[in-house]
Amino acid sequence: MTKRPHPPLRPLWLCRRCGASWPCGSARLTLLREYAHDQVALIIYLGGLLYEATEQLHALNPREMPDAGQLFDRFLGWHRSRTSGPYPPANLTNGGGCRAEHVVNEVRSE
């Protein structure tokens, strides 16, 4: 694995660089680039992170857990939308956090 420019801040699961919910737009694009030739491994990796994030977020505040559907969309749903729509998907900015235009250009050039 290469060093990721937008790693998660655990156990909060925010981006260490831009402060958006992780995976932020740049992290998503980096993951797509890293796993471009093994999408199954990417889904397995993201599923493991979803499990880890669920445990850690629950331990931090069991009364105010994010909705399960929201966590699924945050960790896995964006990848599903990528496979059925335009590339890169429009939702890579994660709702106003990190803008990932510099990485989009790198992905398109590969």
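Taken together, the values in this text are just the output of simple stated rules run on the coordinates, not laboratory data. Treat the numbers as computed from the prediction; the structure is a model and nothing was measured. When we count neighbours, we look across all protein chains shown, and the Cβ atoms used for this are built from the backbone with ideal geometry, even at glycine.
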When a footprinting reagent is the concern and you count Cβ atoms within 10 Å, what order do T30, T54 take, fewest first? T54, T30
Amide H contacts under 5 Å for L14, restricted to residues at least 5 apart in sequence or on another chain and with H modeled in the peptide plane, are L9, W22
Could you rank the peptides 62-69, 36-43, 15-22 by their average count of other C-beta atoms within 10 Å per residue, with the highest value first? 15-22, 36-43, 62-69
